[in-house]
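Down below is the structure, laid out as structure tokens.
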Amino acid sequence: MQQRRTTTQNADRDPMQYNRSDSSRSSGAVRVPPANRTREGRINNSNSAQGYRDPRMNPRYGAQGYRDPRMNPRYGSQGYRDPRMNPQYGAQGYRDPRMNPQYGAQGYRDPRMNNPYGSQGYRDPRMNNSYGSQGYREPRMNPRYGAQGYRDPRIEAYIRQRREAEIRAERTRRAELERRREAAREARRQLEEQLKREKKLKRQRQRKIFYGRAVVCLIVFVLLAVITAVFAIIHFNSSPDSPPSKITYVYGGDEVRKVAEAEAFRNGKMYVCFNDVADYLGLSVTGDTEKMKFVFTDNEDYSETGSEGNGREEFVTFMMDSRTVIINDQTVTLPADSFMFGEKVWVSIEFVEEYMTGLAVERNDGKVSISMIVDVKQSTDKETVFLPVSLALKNEGPIDSPGGTSDSENNTPAGAPDQSALSFTTDLSAYEKYMNPENAEEYLLLVNNSKTLDGSFIPGDLVGVINTRADGRDTQYLRNCAAKALEALFIEMYAAGHTDVSVTSAYRSFATQEYLHNLYISNQMEANPSLTWAEAKAIVLTYSAEPGTSEHQTGLCIDMHNLSSADQSFRYQAAYLWLKDNAWKFGFIERFPENKTEITGISYEPWHWRFVGRDAAWEIYSQGLCLEEYVK
């Protein structure tokens with residue numbers, strides 16, 4: 001069948017064309033143009049084709065070498081295998097002689113095909129090629145409607161079924177796609193709901209944690225507040241100003257009194273029964289309900305009945321329901337009122353602590369202990385000696401001296417002080433040569449605005465002051481004699497109970513004083529920018545000397561007090577009152593008294609003390625002078 005299709009196709013071509021034989025494919029064949037070769041190898045040599053393998057070919061007509069002698073070469077029919085073919089119409093190469101060549105049908109495998117319409121190369125001869133249908137595999141197809149390539153006329157139903165199936169498949173696919181989309185939307189919706197639920201649960205957990213922490217913090221805060229309140233109550237109850245239920249008073253180691261808080265405290269101030277103090281010290285008592293007087297005396301003739309003593313006794317008078325107290329004819333105001341409860345006088349315990357020397361007062365845990373201070377140097381194993389108890393404010397009356405008599409009008413003694421009047425509570429014999437030096441004139445150096453020192457003046461015997469304030473500052477320095485006399489002063493002052501005083505400044509060099517003076521001027525100008533340099537300097541000169549005019553350069557003066565910084569309020573301290581009455585014994589004077597500012601040119605400085613030696617100090621103190629007046 002394959003061979004027939006090949007022959008038919010070759011026959012449909014122009015009979016004058018040449019066919020290429022199989023033998024020409026060998027390596028020895030002569031290659032001729034395609035127009036002069038037939039497929040069967042039977043070459044038409046009418047066009048001078050030479051070299052044909054078959055000598056039987058007729059070169060005149062080109063009809064030589066035909067295998068079938070029944071072929072009529074007149075009409076140019078060559079190579080036909082079936083002699084029944086009518087070559088009149090040019091039909092060549094038909095394998096089936098039943099084909100009607102009248103219509104020019106060539107190469108049809110089925111002779112029933114109508115080839116006048118030029119249908120060539122159809123595999124099925126029953127196909128109608130009048131409409132140009134070519135290559136249909138199924139001859140039953142109707143080509144009138146241009147249907148090509150249909151295998152079966154039932155294909156339309158098949159196509160419809162297939163299309164319906166495709167439509168149904170498409171619908172199914174779309175439905176499945178929609179179902180998947182809906183499932184995805186549902187899954188997304190469920191996921192969102194789950195996330196919302198989880199977020200809500202998370203917020204609830206966070207809210208619970210927050211509220212839990214808040215409750216815990218509140219509980220902790222309440223507990224801390226309660227604990228703080230408890231400690232505050234404990235501290236308040238244990239503080240001296242906050243009384244316990246009972247207060248026990250002990251004098252010299254013996255319990256004398258135990259009272260309720262109503263008797264021991266008033267307005268937050270602690271009180272002590274001064275009658276008990278008087279009994280412990282052996283003081284004499286006189287007075288009435290308005291005022292009560294307690295006298296310090298060793299005279300056996302002195303009594304409540306009228307003996308006036310020798311006139312040298314110390315005394316204190318308390319005004320009832322008043323803060324006023326008279327100490328050796330000097331009026332003092334206490335921080336709380338004195339009052340009488342029953343027949344006993346109750347005074348603020350601060351009076352015993354500040355205005356009485358030789359007594360030790362301790363307050364702790366609802367217990368008040370008052371006892372005399374033991375003189376360690378005078379005491380022995382067999383005998384205990386106590387320091388004498390006295391009042392801090394001394395009598396301003398005369399002190400007898402062997403060199404002269406007293407003036408009854410101004411109470412000013414003549415000559416040097418009586419050494420018998422110099423009584424110390426401690427043994428200061430080792431310091432006597434320093435307190436009352438032989439070369440006393442050396443220590444009367446006057447330095448002020450009119451009498452100055454240059455920058456080269458530096459004392460040659462400076463030593464460290466052991467009583468320098470321990471707040472990190474450098475050790476202060478004084479000349480040796482003044483430093484030793486100051487040591488004796490502090491020993492006696494501490495024995496009197498004033499242990500909070502310390503030295504804050506002593507010797508200053510010219511350069512140091514210059515630096516401080518300029519610093520004070522700058523501070524004044526910063527505090528008041530409207531001031532000029534001269535105006536600020538004029539203000540500073542009222543409390544700070546210029547370089548070369550400061551006593552600190554002499555190495556003979558000190559600043560001492562018990563305040564955080566030097567201030568005129570030191571005058572109200574008991575330590576100042578003690579210094580004012582006792583500093584002369586050690587050779588020191590108050591350098592810038594309150595009533596001498598016009599002479600000294602410096603404002604009142606109760607903390608500034610100058611060493612001049614005992615004799616000069618006594619005269620300056622007793623006559624109420626300042627150094628400028630004394631050395632004039």
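The values are calculated or read from the model by the stated rules, or taken from the named source; none is laboratory data. Being a predicted model, the structure only gives us computed values, none of them experimental. Because the Cβ atoms are built from the backbone with ideal geometry, glycine has one as well, and the counts that use them run over all protein chains shown. We work out accessible area using only protein heavy atoms, side chains counted, and drop any ligands, DNA or RNA first. Shrake-Rupley method; radii C 1.70, N 1.55, O 1.52, S 1.80 Å.
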Counted residues in the stretch 330-386 being within 18 Å of Asn275 (Cα to Cα), in contact with an Asp or Glu (Cβ under 9 Å, 6 or more places away or on another chain) and assigned to a loop (DSSP other than H, G, I, E, B) come to 0
Provide a single number: the residues in the stretch 576-621 that are of a type in the set (Val, Ile, Thr) and closer than 18 Å to Thr504 by Cα. 1
Inside the stretch 399-455, the number of residues satisfying the requirement of being modelled with pLDDT under 80, closer than 30 Å to Val374 by Cβ and surrounded by 13 or more Cβ atoms within 10 Å (Cβ to Cβ) is 5
Thr333 open to solvent by 10 Å² or more (accessible area, probe 1.4 Å), of a type in the set (Ser, Thr, Tyr) and modelled with pLDDT under 85: yes
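Does Ser565 fit the bill of being modelled with pLDDT under 95, open to solvent by less than 10 Å² (accessible area, probe 1.4 Å) and closer than 28 Å to Gly464 by Cα?
Here the answer is no, as Ser565 does not meet what is asked.
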From Met372, Met319, Met340, which residue is surrounded by 15 or more Cβ atoms within 10 Å (Cβ to Cβ), of a type outside the set (Val, Ile, Thr) and closer than 27 Å to Phe424 by Cβ? Met372
Which pairs turn up if I take residues in the stretch 207-225 that are surrounded by 10 or more Cβ atoms within 10 Å (Cβ to Cβ) and look for partners that are part of a helix (DSSP H, G or I) with beta carbon separation below 6 Å, at least 6 apart in sequence or on another chain? none
Checked Glu546, Glu551, Glu514 against criteria (buried (at least 21 other Cβ atoms within 10 Å of the Cβ) and not aromatic (Phe, Trp, Tyr)); the one match is Glu551
Is the stretch 592-599 home to any residue that is touching a strand residue (DSSP E or B) at 6+ places or on another chain (Cβ under 8 Å), surrounded by 16 or more Cβ atoms within 10 Å (Cβ to Cβ) and among the aromatic types (Phe, Trp, Tyr)? yes
